[in-house]
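Heads up: the structure comes next, in C-alpha cells.
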C-alpha cells in the first residue's frame, strides 16, 4: 500500500495549524503520517498540536530558527514514507485529495512503463473565510491551463513554460522519496519565491509527472502574506533574472544534464524567460519601489537576449514601449484599470 508523509514546516502559525490538521484527518485515504517541523515558534502552536491525539501526528521543535527554505529542507528529512508532500499551515486539502493522488500512483505502478517522480493537482484560491478568491489572486493574469494526464520530462518542461500563471500550488505536490535523494534538496533557497516551480522542474528530469486538473487543494490568499507587489519587488532584487526566470533556467539546466534537450524545448523555455522580463519591465513603472525607466530598459534588454522573437512581437513591443514612454501615473492607472476590467475567466 502507498504511504505518504505530509510535512508541515511552521513558524508562528497557531492561527492556521488546526485547519491544516483537520483537513488531513478528514482524508478518505488514511495511510499517511503528519510531520510538523516547528521553526522555533513563539506563539501557541505547540499547545494546539498537543491537543490532537492521533498517532499519525509527529511534532518536532527545532533548536534553532532558520530561513524558510532551510526549514522546509530539514523538515522533509524527518519523513519516513515513500511519497513526500509539503503542506503550508494556512492551506487545506479537500477530503479526497490523498485518495485521488494515490490512485494516480497506483495506476502508474500498474502501467509499469516509466518511473513516476511527481503527482501534482490543481488548486483553488480562497480567502481567509474560505470564500473563492481566484480573481483576487490572479487578477488579469492569464492562467496556464494544464490538461489532466501523464507528462514526460519534455512535456512537463514545456507545460510549465507555457504562457500564464500556474494552476497548482506546492501543497498538492507529492514527490517520490527516491527522486528527492537523487535531486539532493527539496527547495533551493537562491531561487526565491519560485522555488516550488524549480523543484518540480528538477524532479521531472528524473521521472514522469502525473497531473490531476481537478482542484484538490484550497490555497489561502491572505492580506498579511505575499502580495503580487512583494513578488515583483523580490524579482527586482535578483538583478539579472526574475524569480520565475531563475526557476525555468535552473530546471532547464538539470534537464540538460539528465537527457538530450532539443533546440525547440530550449527555445520554448527561453521564450518564457523573456516574457517574465517583459512583465517585470512593466512592473518597474507600475509599483512603488520599482526600477523606473532604467529598470524597464534593463529588463527589455534581458528579454531580448533571452528571446528576441518573443519581444519583437507587436503585443510585447507595445507593452515595453508603453512601460518606458508613458508617465508613471498613466502606467499605474492602466494597470489598475486592466485588473478591474479584465478579471480572469474560470
Item to complete: Quick one: order 97, 79 by neighbouring beta-carbon count within 10 Å, fewest to most.
Response: 79, 97
Worksheet item: Which whole-number percent is the relative contact order of the chain (Cα, under 8 Å, 6+ apart)?
Response: 17 percent
Discussion item. I'd like to compare 90-96, 113-119, 272-278: which one has the highest average count of other Cβ atoms within 10 Å, and what's the full order after that?
Written reply: 272-278, 90-96, 113-119
Worksheet item: How high is the relative contact order of region 95-217, in percent, with contacts defined as C-alpha pairs under 8 Å that are six or more residues apart?
Response: 44 percent
Fill in: Using alpha-carbon coordinates, inclination of helix 228-237 to the longest axis of the chain, degrees
70 degrees
Worksheet item: What percent do you get for the relative contact order of region 1-128 when only Cα pairs under 8 Å and 6+ apart count?
Response: 37 percent
Response to the item:
Rounded to the nearest 10, the angle in degrees between the Cα long axis of helix 328-341 and the longest principal axis of the Cα atoms of the chain comes to 50 degrees
Worksheet item: If we sort 256-262, 284-290 on the protection proxy, mean other Cβ atoms within 10 Å, highest first, what's the order?
Response: 284-290, 256-262
Item to complete: Calculate how steeply helix 314-325 sits against the longest principal axis of the alpha-carbon atoms of the chain, using the helix alpha-carbon long axis, and give the answer as 0 to 90 degrees to the nearest 10.
Response: 80 degrees
Discussion item. Quick check on packing: order 317-330, 155-168 by the mean number of other C-beta atoms within 10 Å, highest mean leading.
Written reply: 155-168, 317-330
Fill in: log10 of Debye I(q)/I(0), alpha-carbon scatterers only, for the chain at 0.08, 0.09, 0.10 Å⁻¹
-0.40, -0.51, -0.63
Response to the item:
Ranked on Cβ counts within 10 Å of their own Cβ, fewest leading, 244, 183 go 183, 244
Response to the item:
Quick note, region 1-89: a/c under 1.5 would make it rounded; otherwise a/b > b/c is prolate and the rest oblate (a ≥ b ≥ c, C-alpha gyration tensor); here it is oblate
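Rule-based calculations on the coordinates, nothing more; no lab input. These numbers come from a predicted model, not from an experiment. Methodologically, a virtual Cβ is constructed for each residue, glycine included, from the backbone with ideal geometry; neighbour enumeration extends over all protein chains shown.
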